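Here the structure is laid out as structure tokens; the discussion comes afterwards.
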Amino acid sequence: MSGILTYALHYEGEFNKNSLGAVSEGAKLAKEIGGDAAVVVVGGDDLTDELCGSLGKYGATKVFRAKAPEGLAQPVVDVMAKVIQDNGYGYALFGGGLLGFEIGAGLTARLGGGVTMEVTEVKAQDGKLVAVRPILQDSAVAEVDYVGEPGIIIGRLNAFEMSESGDGAAPVEDVDVQLSDWSTKATMVQRGEQRGADVNIEDANILVAGGRGLGKPEGFELAEALAEALGGAVAATRAVVDAGWYPYAAQIGQTGKTVAPKLYLAAGISGAIQHKVGMQSSENIVAINKDPNAPIFEFSDLGIVGDLNKILPKLTEAVKAKKGA
Amino acid sequence: MKICVLVKEVPDAAVEKRIDPNSKRLDRSGEKNLNPFDTHAIEAAMQIKEGGKADVEEVVAVTMGPESAVRALHKAVSLGADRSVQLTDDALADSDVCATGYALAQTLKAEQPDLVLLGQQSDDGECYTIGAVVADHLHMPSLTQVIKMDVEDGKLRCERQAEYGYDTVEVELPAVISVGDAINEPRYPSLKAIMGAKKKPLDAKAIGDVGIEAGRVGGEGKRTTVLAINPPPQKEAGQIIEDEDTDDTVEKIVAWLEERKLLA
Ligand SMILES: Cc1cc2nc3c(=O)[nH]c(=O)nc-3n(C[C@H](O)[C@H](O)[C@H](O)COP(=O)(O)OP(=O)(O)OC[C@H]3O[C@@H](n4cnc5c(N)ncnc54)[C@H](O)[C@@H]3O)c2cc1C
Ligand SMILES: Nc1ncnc2c1ncn2[C@@H]1O[C@H](COP(=O)(O)O)[C@@H](O)[C@H]1O
């Protein structure tokens, strides 16, 4: 049978935006190749009939709901494998995120289906799906077809747009799944801890973002001074957030925030894909990096090859002087 | 306890990555090295071994790759692994994620590890998925992108960043864990370790040695087909300034910002 099964991640009673994008994409593609646009949700009591049914708005034709621990991939693999085996979906689809990678990978092992990741576009061709996937740090784009079923498609963050194409609530069906032994051997102790101060970067028109190139936690003072002079806020990469140099709330990228300010000035940031996906829609991108081969220069409007320790202080002074004038 | 670390040989980042237009595969000729992300996995294994909270008898580096991949294993051994295993067989060429994960899992089954560690991503493949594929085949619990890991009483306490912030997860051993690059600062190998690396035991295995079904790997086992490799959508190249005289550079940046009304 054909049809597409999309996984929708939720947290504290709300669906993840990237999951809603994937549900919308699944609905669109299912119309093109024929079959159901089904969605699977996994969690506890906060998955109410109303919340699950609301996926119908994004085009879901059916929602499978299973009770299992949240925030871990392997229980979802068990659920999706069963739903696919019982109903024969031809494709499994995931929005951008971390769990999607883990669940999609687990499914590939369990069901022997092909998998593509970081997919930016899915095309329907002759009743089948073809995944478009940038490779080699986005220096080439591969078009990938699946051999056999299911084809597993893991999207890139923000690749699929949300669209309210459906009407009314989707029917919800409970599925009873016996979890695998090994799926019960990981337990969530604490989820979604927000490390560091709660800063607001989403409303800023100007962001000065700092990465590992700032050298040490105190390096952020340079970024803060420039941000203040420009009238903006400070953002960060995962590398420096994981290292405890800057709060998580300021992190841009795959497991952080998505922003599109008027100016994004990146200092000491290499421009890894997982960072790029959170800021590439910025209107103007300026990068300061001492490595002329840094990937960030591939998608900057203005690139400065040089040492940020020399450039940032002088730039701050010059901006102050200009604005004061 | 026995720790297996999965390591991969990748083209050196300094070398431009190319696609072979005929096979549509990555052109893997040229300089190669141990995947830098895997050095964090080896270091994590060494810290458990040296940490005193778990009794680690052995750290084994495991790779699947062509003959040349022994160099990645030598590097892994110079960083502390006690011995290494290389799965190498012509039948494995052109394996996709599904096949690679299966083949590595079969190789690991023969080793019976209590813990399997991996890097967060391969520098060339950027798939982020091998860990979870291997774990499902091995029937072990698994987490990826772990940046803090403590072992105690047959359990791991792991921390990582997921979509809503930091998660703390307890995982029972045996388990498969991929580590993020923030987990540690890998050590440099000593000259003595580099010199001694070639003398440590290295086991070469063919697919038959670890019960891999030929039809499930290589070209035959592929579950995906690359139809085409295209250039990326063209984006107008940005302006580049090489900073020679910083006052001059700053002046240019300010003019650029002003032109775009960003200093209003
Ligand atoms: C599943 C997953 C999710 C991820 N999620 C995110 C995410 O949400 N956000 C994110 O940002 N990353 C994320 N990452 C990590 C990402 O892959 C990169 O590792 C990270 O973005 C790198 O951060 P960085 O640019 O600060 O550090 P690096 O890559 O180390 O780059 C530092 C740069 O600074 C430059 N530099 C050094 N010194 C100077 C100097 N004096 N002057 C000028 N330049 C200098 C260097 O040339 C280098 O290019 C994720 C990774 C994975 C696998
Ligand atoms: N051929 C291979 N041999 C051994 N380990 C591998 C191989 N391919 C990937 N890995 C491991 O899997 C991790 C993630 O790789 P990937 O999923 O390809 O991004 C790497 O950091 C390695 O630890």
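Here are the numbers for the structure shown:
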{"quantity": "Residue match in the stretch A:51-60 (condition: closer than 24 Å to B:PRO141 by Cα and modelled with pLDDT of 95 or more)", "calculated": "no"}
{"quantity": "Unmet criterion (only one of (1) open to solvent by 10 Å² or more (accessible area, probe 1.4 Å); (2) closer than 27 Å to B:LEU156 by Cβ; (3) within 14 Å of another protein chain (Cβ to nearest Cβ)) for B:ASP94", "calculated": "(2)"}
{"quantity": "Enumeration of residues in the stretch A:97-122 that are open to solvent by 30 Å² or more (accessible area, probe 1.4 Å) and polar (S, T, N, Q)", "calculated": "A:THR120"}
{"quantity": "Single condition B:LEU173 does not satisfy, out of (1) open to solvent by 10 Å² or more (accessible area, probe 1.4 Å); (2) more than 10 Å from chain A (Cβ to nearest Cβ)", "calculated": "(2)"}
{"quantity": "Options A:GLY192, A:GLY196, A:GLY166: the member that is open to solvent by less than 70 Å² (accessible area, probe 1.4 Å) and modelled with pLDDT of 95 or more", "calculated": "A:GLY192"}
{"quantity": "All positions within the stretch B:37-83 that are within 11 Å of ligand 2 (Cβ to nearest atom), not in a helix (DSSP H, G or I) and not hydrophobic (A, V, I, L, M, F, W, C)", "calculated": "B:THR63, B:GLY65, B:PRO66"}
{"quantity": "So A:GLY219, is it more than 14 Å from chain B (Cβ to nearest Cβ), surrounded by fewer than 24 Cβ atoms within 10 Å (Cβ to Cβ) and near ligand 1 (Cβ under 10 Å from one of its atoms)", "calculated": "yes"}
{"quantity": "Lone unmet requirement of (1) within 10 Å of ligand 2 (Cβ to nearest atom); (2) touching a Pro at 6+ places or on another chain (Cβ under 9 Å); (3) within 8 Å of chain A (Cβ to nearest Cβ); (4) not in a loop (DSSP other than H, G, I, E, B) for B:ASP124", "calculated": "(4)"}
{"quantity": "Hits in the stretch A:105-122 - residues which are in contact with a helix residue (DSSP H, G or I) (Cβ under 8 Å, 6 or more places away or on another chain) and not hydrophobic (A, V, I, L, M, F, W, C)", "calculated": "A:GLY106, A:THR108, A:ARG110, A:GLY112, A:GLY113, A:GLY114, A:GLU118"}
{"quantity": "The lone exception for A:THR61 - which of (1) open to solvent by 40 Å² or more (accessible area, probe 1.4 Å); (2) within 18 Å of the chain's Cα centre (by Cα) it fails", "calculated": "(2)"}
{"quantity": "Subset of the stretch B:151-170 (residues that are assigned to a loop (DSSP other than H, G, I, E, B) and facing another protein chain (nearest Cβ under 7 Å))", "calculated": "B:GLU163, B:TYR164"}
{"quantity": "The stretch B:237-257 residues that are at the interface with chain A (Cβ under 7 Å from one of its Cβ atoms), paired with ones that are among the aromatic types (Phe, Trp, Tyr) (beta carbon under 8 Å, 6 or more apart)", "calculated": "B:GLY238/A:PHE297; B:GLY238/A:PHE299; B:GLN239/B:TRP256; B:ILE240/A:PHE297"}
{"quantity": "Flag for B:GLY131 being part of a helix (DSSP H, G or I) and in contact with a Ser or Thr (Cβ under 6 Å, 6 or more places away or on another chain)", "calculated": "yes"}
{"quantity": "Tabulated pairs, the stretch A:234-257, first free of Cβ contacts under 8 Å to residues at least 12 places away in the same chain, second more than 16 Å from ligand 2 (Cβ to nearest atom), C-beta under 7 angstrom, 6+ apart or interchain", "calculated": "A:ASP242/B:GLN161"}
{"quantity": "Total residues in the stretch A:300-322, condition in contact (Cβ under 8 Å) with a residue 24 or more places away in the chain, within 12 Å of ligand 1 (Cβ to nearest atom) and surrounded by fewer than 20 Cβ atoms within 10 Å (Cβ to Cβ)", "calculated": "1"}
{"quantity": "Which listed residue is at pLDDT 95 or above and either more than 16 Å from ligand 2 (Cβ to nearest atom) or within 22 Å of B:GLY165 (Cβ to Cβ) (or both), from A:ALA239, A:ALA325", "calculated": "A:ALA239"}
{"quantity": "The listed residue being under 20 Å from the mean Cα position of the chain (by Cα), open to solvent by 10 Å² or more (accessible area, probe 1.4 Å) and not hydrophobic (A, V, I, L, M, F, W, C), out of A:GLN85, A:GLN74", "calculated": "A:GLN74"}
{"quantity": "Residues located in the stretch B:119-137, provided they are crowded, with 23+ Cβ neighbours inside 10 Å and more than 12 Å from ligand 1 (Cβ to nearest atom)", "calculated": "B:ILE130, B:VAL133, B:VAL134, B:ALA135, B:ASP136"}
{"quantity": "Single residue of B:ALA69, B:ALA54 found to be away from ligand 1 (no atom under 16 Å from the Cβ), more than 19 Å from B:MET1 (Cβ to Cβ) and either surrounded by fewer than 24 Cβ atoms within 10 Å (Cβ to Cβ) or among the polar types (S, T, N, Q) (or both)", "calculated": "B:ALA69"}
{"quantity": "Some residue of the stretch B:178-200 being within 14 Å of ligand 1 (Cβ to nearest atom) and under 20 Å from A:ILE152 (Cβ atoms)", "calculated": "yes"}
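Okay, residues lined up against (1) open to solvent by 20 Å² or more (accessible area, probe 1.4 Å); (2) assigned to a loop (DSSP other than H, G, I, E, B); (3) more than 12 Å from every other protein chain (Cβ to nearest Cβ):
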| site | (1), (2), (3) |
| --- | --- |
| A:ALA223 | no, no, yes |
| A:LEU226 | no, no, no |
| A:TRP245 | yes, yes, no |
| A:TYR264 | no, no, no |
| A:ILE269 | no, yes, yes |
| A:ALA287 | no, no, no |
| A:PRO292 | yes, yes, no |
| A:GLU298 | yes, no, no |
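Let's see how each residue does on (1) surrounded by 20 or more Cβ atoms within 10 Å (Cβ to Cβ); (2) at pLDDT 95 or above; (3) more than 10 Å from chain A (Cβ to nearest Cβ):
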position	(1), (2), (3)
B:ALA61	yes, yes, yes
B:LEU79	yes, yes, yes
B:SER84	yes, yes, yes
B:GLY101	yes, yes, no
B:GLN112	no, yes, yes
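Matching residues to (1) open to solvent by less than 30 Å² (accessible area, probe 1.4 Å); (2) without any contact (Cβ under 8 Å) to a residue 12 or more places away in the chain; (3) not in a strand (DSSP E or B):
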{"position": "A:ALA124", "(1), (2), (3)": "no, no, no"}
{"position": "A:ARG133", "(1), (2), (3)": "yes, no, no"}
{"position": "A:VAL144", "(1), (2), (3)": "yes, no, no"}
{"position": "A:GLY148", "(1), (2), (3)": "no, no, yes"}
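The values are calculated or read from the model by the stated rules, or taken from the named source; none is laboratory data. Predicted, not measured: the structure shown is a model, and the values here were computed from it. Because the Cβ atoms are built from the backbone with ideal geometry, glycine has one as well, and the counts that use them run over all protein chains shown. Keep in mind that these areas ignore ligands, DNA and RNA; they rest on the heavy atoms of the full protein, side chains included. Shrake-Rupley method; radii C 1.70, N 1.55, O 1.52, S 1.80 Å.
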